[in-house]
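These notes concern the structure reproduced below.
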Amino acid sequence: MKPLILLVEDEAALVTLLRYNLEREGFRLVDARDGEEALMLAKEERPDLVLLDWMLPLMSGLEVCRQLRRAQQTRQVPIILLTARGEETDKVRGLDSGADDYITKPFSPAELVARIRAVLRRAQPALSSETLEFDSVSMDLAAHRVRRGPRDVHLGPTEFRLLRHLLQHPGRVFSREQLLDAVWGRDVYVEPRTVDVHIRRLRKALNMPDEPDLIRTVRSAGYALDQPAA
Ligand code: CA
């Protein structure tokens, strides 16, 4: 089955161009011209990925992104933001709103297709398999067992759920609020700073002194499971 992409873009010429290129590359496409339509189609069509323009009429792409992440049926869908902005703070805001990746306009269709494939690859094995893996870390979901390389990692229940969530979305930056929702559940009131405490415990259990830290702190944004910067 060809992957279905929901393209949310108000510029007709760009929709035509992307439709032509993406269909030629073996994707199916549905498109929405504004945020309302996008949210509706995302629930009805269950796309494999959303390509979301930042600058949209009525509701911004960032707001659409947040709403997709909030809704039960769409919270797992990979999202790539299309943006004309290149500022680092905008990038952080975009990722913080729940996007998996972003691409700055103007971009070539080939570059976009490469990004789409990378995001789909990252999203799929994590959701279907019983073992989550990233770098030297593996988590056996059935056995509730975590290893880093040859070594067993012992985690408390909260750190286990925290790591599982990060392993399901490697590279993606989560704010403290998003981690609270995903790991503690939205009905529980917990101070955002509690997340920092559990991240500290997780780091301590996961990283031996000679091992690179796989948890990246993104200042004023949150945390991600990531390859350490070289
Ligand atoms: Ca636009």
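Below are the figures for this structure:
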{"read-out": "Hydrodynamic radius (Kirkwood) for the range 128-213, which is based on Cα pairs only, to one decimal in Å", "value": "13.5"}
{"read-out": "The range 167-230: mean projected area of Cα convex hull, nm²", "value": "4.6"}
{"read-out": "Enclosed volume per residue, in Å³, of the convex hull spanned by Cα atoms of the range 141-189", "value": "91"}
{"read-out": "HN-Hα J in Hz across the range 47-64 - Karplus 6.51, -1.76, 1.60, θ = phi - 60°, x for Gly and Pro", "value": "x, 7, 7, 10, 9, 10, 6, 6, 8, 10, x, 6, 10, 6, x, 4, 5, 4"}
{"read-out": "Probe 1.4 Å, protein heavy atoms only - accessible area per residue of the chain in square angstrom", "value": "52"}
{"read-out": "Pairs of lysine residues in the chain - Cα separation under 28 Å, sequence separation of 8 or more or cross-chain", "value": "5"}
{"read-out": "Value of Rg/Rh across the range 1-131 [Cα atoms, Kirkwood radius]", "value": "0.93"}
{"read-out": "Using alpha-carbon coordinates, inclination of helix 35-45 to the longest axis of the chain, degrees", "value": "70"}
{"read-out": "Over the chain, relative contact order from alpha-carbon pairs under 8 Å, at least 6 apart, %", "value": "13"}
{"read-out": "Karplus 3J(HN,Hα) series, Hz, for the range 103-119 with 6.51 cos²θ - 1.76 cosθ + 1.60 (x for Gly, Pro)", "value": "9, 8, 6, x, 10, 8, x, 5, 5, 5, 4, 4, 5, 4, 4, 5, 5"}
{"read-out": "Portion, in percent, of the accessible area of the range 59-198 that falls on carbon or sulfur, probe 1.4 Å", "value": "50"}
{"read-out": "Local net charge near residue 14, Cβ-Cβ under 12 Å (Lys/Arg +1, Asp/Glu -1)", "value": "-2"}
{"read-out": "Efficiency of FRET from Cβ geometry, residue 207 and residue 24, R₀ 30 Å, rounded to 0.05", "value": "0.10"}
{"read-out": "Semi-axis lengths, Å, the range 72-230, gyration tensor of Cα atoms, sqrt of 5 times eigenvalues", "value": "27, 18, 16"}
{"read-out": "Longest site-free stretch - the chain; sites: trypsin sites (Lys or Arg not before Pro), DSSP loop, at most 10 other Cβ within 10 Å", "value": "1-185"}
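The values are calculated or read from the model by the stated rules, or taken from the named source; none is laboratory data. The model shown is predicted, which means the values in this text are computed figures rather than measured ones. Positions of Cβ are generated from backbone atoms using ideal geometry, with glycine treated the same way; all protein chains shown enter the neighbour counts. These area figures cover heavy atoms from the full protein model, side chains too; ligands, DNA and RNA do not enter into them. Shrake-Rupley method; radii C 1.70, N 1.55, O 1.52, S 1.80 Å.
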